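The values are calculated or read from the model by the stated rules, or taken from the named source; none is laboratory data. From a predicted model like this one, the values you see are computed outputs, not experimental measurements. Ideal geometry is used to build each Cβ from the backbone, glycine not excepted, and the neighbour counts take in all protein chains shown.
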Amino acid sequence: MPIQDCITHTKLLVAQETQHELTPQQTSTIGCILSGLMCAAPAAIQCFIDCLARAANRGSPNAANQKPSPCDKSNADHEIYRGVLHIDELVNDATGNPLTVAQADIIGCVFSALVCGVPTFLKCFLECMAGPTTPPAGGYDPGDRKRCE
Amino acid sequence: MKPYLATHAIQLGQLLRDNPNLTMAHYDTPADPKLLHIYFRADIQLRALRVPRNLQSLTITPHPGPTFHDLRAPIARATALNENQQCQNEPIRLGTQCQPKGANWLGTAGCPAKWRDSAGVLHWGYLTNWHVLSSGQFDLGTTCHQPDDSKPAFGRLAAMSPVLRDKDNLVDAALADTYVNGKHTTSDEILAIGKYADHPIVAVPGLAVKKSGRTTGYTEAKCTAVGAAVKIGYGDFDATFIDQDVYKQTEKPFSAAGDSGSLILGSRCSCPCSLLFAGGGDMTIGNPMRHVIDALGLIFPFL
């Protein structure tokens with residue numbers, strides 16, 4: 001769905017629910033978030049696919065029952081690894097069963113994709129919020145001339 | 001047509017076209033319509049009604065009502081001018097009387113406006129109605145004058161959204177660029193109101209509003225309906241509008257001929273709400289600001 005359609009739909013929902021129009025600032029922020037997501041999506045999806053492929057090729061780096069040493073990993077991977085373990089604990093507490101290796105792999109790869117997409121998202125989002133880099137010529141310049149004599 | 005214009009807004013337009021004696025129709029609650037209010041000309045007996053199939057499940061409440069017409073004023077050289085009719089030196093505060101060069105009518109230069117043209121260039125000027133600045137008789141570039149064309153031009157017609165007689169209209173709006181000889185002639189303020197808030201709002205029934213216009217000056221009203229379909233007389237033709245805001249005077253009349261083009265603002269926040277363009281009886285009709293923004297590419301805040 002094009003970004004403009006998403007914004008229009010969001011404006012409709014907000015107007016229907018709150019009887020208030022989104023302010024132009026809110027609208028542009030939503031537009032920039034959507035723009036950032038669109039911008040980051042290809043990189044994130046590529047990371048997700050690569051991650052799944054790696055997991056399939058070399059076993060299960062994020063699986064709870066095959067815990068690689070955190071020392072082998074970069075900081076980001078280490079945080080992902082810890083995140084998967086945390087979810088594993090929550091699932092285990094809630095259901096009495098830990099995550100399967102495949103589930104842990106998928107969750108780890110989702111985290112990996114998010115981490116991968118964040119820099120691109122931030123870059124696009126900030127550029128969008130900054131607006132056009134070239135300012136318009138002139139500006140509002142009210143006069144003070146007499147015209148009623 | 002915008003996605004948020006639900007089909008029931010369009011059905012109300014069809015209802016008006018199918019029944020020439022109806023002047024206005026609106027739901028009790030547009031988001032969940034159950035009751036339909038219809039207004040018919042007070043000088044006729046409403047005997048039969050053609051109701052589109054999709055509206056037949058609703059309870060219909062008929063009311064005798066006024067006919068609605070645009071709120072231009074004929075040229076008049078009044079002796080006792082109010083503040084909104086007097087000549088102003090720069091920067092000209094808006095809500096003031098204006099006249100296109102050579103027109104035989106007067107209207108209101110409503111409020112400060114900023115917009116970007118198709119080439120991406122920003123412009124500053126004022127917002128008013130299409131029928132005030134053009135009415136199909138004047139093209140882009142026509143000069144507009146304050147308070148009338150005996151005084152120098154204070155802007156030029158720069159953009160417009162014309163009213164069409166055969167379609168459902170949403171707005172009657174136009175923009176004048178007030179950049180004249182190296183300066184902007186107009187202020188960022190409205191007479192008796194001052195600066196408006198940075199963001200527009202959507203009208204809801206019960207909302208208290210205010211406006212400053214050429215004929216009645218500063219007045220107040222309450223919103224009584226939104227999402228209304230209204231038939232408006234433009235002298236030589238009638239036009240149907242859908243999804244309009246309806247206001248009713250609280251004490252003295254909210255609008256009169258010559259107030260066309262005024263901005264209607266929320267009383268408490270001074271937030272732009274509707275563009276006043278028509279009226280009849282004790283009711284005033286405004287184009288919702290969201291449709292005006294969509295039609296003309298207005299940008300908020302002004303500065």
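Within the bounds of the stretch A:50-59, is there any residue that is assigned to a loop (DSSP other than H, G, I, E, B) and either more than 30 Å from residue B:203 (Cβ to Cβ) or modelled with pLDDT of 75 or more (or both)?
Within the stretch A:50-59, one or more residues are assigned to a loop (DSSP other than H, G, I, E, B) and either more than 30 Å from residue B:203 (Cβ to Cβ) or modelled with pLDDT of 75 or more (or both).
When the residues of the stretch B:14-53 are filtered to those that are out of contact with any strand residue (DSSP E or B) (no Cβ under 7 Å at 6 or more places or on another chain), basic (Lys, Arg) and in a loop (DSSP other than H, G, I, E, B), which remaining residue is surrounded by the fewest Cβ atoms within 10 Å (Cβ to Cβ)?
Result: B:47.
With within 20 Å of residue B:259 (Cα to Cα) and within 14 Å of another protein chain (Cβ to nearest Cβ) as the only criterion, which of B:128, B:96, B:108 stands out?
B:96
If a residue must be farther than 24 Å from residue B:169 by Cα, part of a helix (DSSP H, G or I) and away from chain A (no Cβ under 14 Å), how many such residues does the stretch B:54-93 contain?
Counting residues in the stretch B:54-93 that are farther than 24 Å from residue B:169 by Cα, part of a helix (DSSP H, G or I) and away from chain A (no Cβ under 14 Å) gives 1.
What's the number of the only condition in (1) closer than 19 Å to residue B:127 by Cβ; (2) surrounded by fewer than 20 Cβ atoms within 10 Å (Cβ to Cβ); (3) under 15 Å from the mean Cα position of the chain (by Cα) that residue B:256 fails to meet?
(1)
How many residues, within the stretch B:274-303, are within 12 Å of chain A (Cβ to nearest Cβ) and assigned to a loop (DSSP other than H, G, I, E, B)?
6
Are any residues in the stretch B:243-260 farther than 14 Å from residue B:203 by Cβ and of a type in the set (D, E, K, R), and if so, which ones?
B:251, B:252, B:259
When you go through (1) within 30 Å of residue A:30 (Cα to Cα); (2) at pLDDT below 80 one by one for residue A:102, which number turns out not to apply?
(1)
Taking the stretch B:74-99 as the region of interest, how many residues are touching a Ser or Thr at 6+ places or on another chain (Cβ under 6 Å) and either at pLDDT below 95 or surrounded by fewer than 24 Cβ atoms within 10 Å (Cβ to Cβ) (or both)?
Total meeting the criteria: 3.
Can you tell me which condition residue B:179 does not meet? The list is (1) in contact with a Gly (Cβ under 7 Å, 6 or more places away or on another chain); (2) within 14 Å of chain A (Cβ to nearest Cβ), and all the others hold.
Residue B:179 satisfies every listed condition except (1).
Please specify each residue of the stretch B:196-245 satisfying the condition of being in a strand (DSSP E or B), small (Gly, Ala, Ser) and within 14 Å of chain A (Cβ to nearest Cβ).
Answer for the stretch B:196-245, where residues must be in a strand (DSSP E or B), small (Gly, Ala, Ser) and within 14 Å of chain A (Cβ to nearest Cβ): B:225, B:227.
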